[in-house]
Amino acid sequence: MGNRTYSNDTALTPNDVRKILNADNKEIIRLCKKSSIVPRKNEKGNTYFSLDEVRILKRAKNGGTSTAITKAASQTVVENLLKSLKSMEENLTSSMTKVIDEKLEGMDEIVVELIRCKTENENLKNKVNELNKENFHLKNSLNSYKPLMFGFYVKQDESEVLL
C-alpha cells in the first residue's frame, strides 16, 4: 500500500483499488460479486470503496473461500441498498410529478371551454323553446282564418282552433 496510511472510513477510488489489488476492473467486479460487496456512490455519482471492503476483496483475491460477509460489510450492503432505493423513489416521484403536471397543464383551458359550451348550449335550448312556442302561436293564428269564398277569410277565435 505504499507510504499511505488509511483509516477505516477512507474512501478509495476504483483506481486506488486497482493499484492495491493489482487487478483490472473485471477482476474487481468478480471479487465484489464473490464477496457480496456493492460499491457505493458519492453525491456526485462517483464509485468508491471503504478500506474494510478493500481488505475483504484482498482476502477474496488471495484465496479466501469464505463467502460469509462481516457484520459491517452486510450493514454496508444494506445501507447502500437503502440509499439506492431512496434515490430511485425520489427520481420516480419527481419524474411522475413532472409528467402529471405537464398532462394537466392544459386542463384549465379545456374546463373553461366546456363551461362556455354548456352555457351556450343551454342558451340555444332556451331559444329553440321560445321559437317553438312562437311557431305554435303563429300556426294557431294562421289556422284561425278559415276560407269563405272568393279569397275571403273569416277569423275564428284562436282558443277554439287547435292544431
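The values are calculated or read from the model by the stated rules, or taken from the named source; none is laboratory data. Note that this is a predicted model, so its numbers are computed, not measured. As a convention, Cβ positions derive from the backbone with ideal geometry for all residues, glycine included, and neighbour counts pool all protein chains shown. Quick note on the areas: whole protein, heavy atoms, side chains included, nothing else; ligands and nucleic acids left out. Shrake-Rupley method; radii C 1.70, N 1.55, O 1.52, S 1.80 Å.
Worth a mention:
- Against the test of being at pLDDT below 85, exposed (fewer than 10 other Cβ atoms within 10 Å of the Cβ) and on the phi > 0 side of the Ramachandran plot, the options 63, 106 yield a single qualifying residue, 63.
- Residues of the stretch 27-40 that are of a type in the set (Lys, Arg) and surrounded by fewer than 18 Cβ atoms within 10 Å (Cβ to Cβ): 30, 33, 34.
Rundown of residues vs (1) out of contact with any Cys (no Cβ under 6 Å at 6 or more places or on another chain); (2) surrounded by 10 or more Cβ atoms within 10 Å (Cβ to Cβ); (3) at pLDDT below 90, yes/no style:
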| position | (1), (2), (3) |
| --- | --- |
| 70 | yes, yes, yes |
| 74 | yes, yes, yes |
| 125 | yes, yes, no |
| 148 | yes, no, yes |
| 158 | yes, yes, yes |
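- For the stretch 41-57, the set of residues classified as among the acidic types (Asp, Glu), open to solvent by 20 Å² or more (accessible area, probe 1.4 Å) and part of a helix (DSSP H, G or I) consists of 52 only.
- Of everything listed in (1) open to solvent by 60 Å² or more (accessible area, probe 1.4 Å); (2) in a loop (DSSP other than H, G, I, E, B), the single unmet condition for residue 89 is (2).
- Taken together, the residues in the stretch 6-21 that are surrounded by fewer than 10 Cβ atoms within 10 Å (Cβ to Cβ) and either farther than 15 Å from residue 52 by Cβ or at pLDDT 85 or above (or both) amount to 1.
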